[in-house]
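**Student:** The following block contains the structure, expressed as structure tokens.
None of the figures in this text is laboratory data; all of them are computed from the coordinates on show. Computed from a predicted model, the values in this text were never measured in an experiment. All Cβ positions, glycine included, derive from the backbone under ideal geometry; neighbour counts span all protein chains shown.
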């Protein structure tokens, strides 16, 4: 692993809500929300463009083993990159190890909680803008839909109604519906 | 539908799709989608002495307090279909909230036939993420919504459990509230 790289946390297009230990992030571009647990939050906050991966790892409390702590940082960076929360390119990863193998190793070797990033996406964005003015969207009635579809609140935003084809799961299918 | 538009556009408040009641001046918020059984659970709670705030939207002010939005309860027929009748809270003997209340418990529950009750506490971050799903203006007024949600959850317990019928769930929920919020001993 190349731990001399300097990760930079993405800040543009995000609304960041700090909490006592965790961080809540809303991505305005992709309409996704993320919750970073304390370890992931600490690592993300440390990605200030001044510190290398090795230096970020050194700052983590809970273990003396620098190599294991660097794995932990990479584990967080791997998820942050995947979720588009890191602004710059990072080339190195786990030297051929899968994420699962790293989790197993790191979990046993450090006393630090693993970094976890939970995500919620809002696939109903298109639905919201196109369906809200439809008959279903304005009345909430099944008669506002064609082709036997039902008028249901979308999972992503229950205030937005759309026409759904899955009759058995009214309200639990994400915004995949087409408008009448 | 008009209420939904108001919820989306209200500049000073955040609307969460949720039932809301108070016990001993502490608010309980019950987030849920439409047809998730919010009204049924709220109705069961107020019939056991909780004060009615809303069966549809928990309205949160900029200080993170829950304010009453006491529309008539939309009570559905025995089949649980889409047809519903509006019932005034007073008609089922409910007291109606008059002022803002701090939130003490945010309880996420999903009805499942024969579900076993087993509340699990969520971290603030995890809980807020789940709450965002039910927050109406989160995409139109994101910064304000997150700020208010953070204040709302600051001193609240956020928990979840599957639940069976509303009658039994309301008793378990009140017991859980009494223990976890008021610190009362188990019944």
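**Student:** Starting with the fewest neighbours, write out B:136, A:15 ranked by other beta-carbon atoms found within 10 Å of each beta-carbon.
**Tutor:** The fewest-first ordering by Cβ neighbours comes to A:15, B:136.
**Student:** Considering only the range B:2-180, what is the antiparallel percent among its DSSP beta bridges, to the nearest 5?
**Tutor:** Taking every DSSP beta bridge within the range B:2-180, about 70 percent pair in antiparallel fashion.
**Student:** Pairs of alpha-carbon atoms within less than 8 angstrom and 6+ residues apart define the contacts here; what relative contact order does chain B have, in percent?
**Tutor:** Worked out over chain B, it gives 25 percent.
**Student:** Could I ask something else about it? Neighbour counts of other C-beta atoms within 10 Å: give me B:40, B:135, A:52 arranged from fewest to most.
**Tutor:** In increasing order of surrounding Cβ atoms, one gets A:52, B:40, B:135.
**Student:** Would you mind computing Rg(Cα) / (2.2 N^0.38 Å) for the range A:14-121, counting N as its residues?
**Tutor:** For the range A:14-121, the normalised Cα radius of gyration comes out at 1.03.
**Student:** Ranking B:53, B:177, B:69 by Cβ neighbours within 10 Å, fewest first, what do you get?
**Tutor:** The most exposed by this proxy come first: B:69, B:177, B:53.
**Student:** Please give the calculated 222 nm ellipticity per residue for chain B, where each DSSP H segment of at least 4 residues contributes -39500 (n - 2.57) and the sum is spread over every residue; nearest 500 deg cm²/dmol?
**Tutor:** -8500 deg cm²/dmol
**Student:** With only alpha-carbon atoms in the gyration tensor, what are the semi-axes of the equivalent ellipsoid for the range B:30-187, in Å, largest first?
**Tutor:** 23, 19, 17
**Student:** Using alpha carbon centroids, what distance separates the range B:104-183 and the range A:13-84, in Å?
**Tutor:** Cα centroid to Cα centroid, the span is 26 Å.
**Student:** Just to be sure I understand the model, the point goes 7 Å from the Cα along the line to the Cβ. What's the resulting residue B:175 to residue B:115 distance in nm?
**Tutor:** Calculated label separation equals 1.7 nm.
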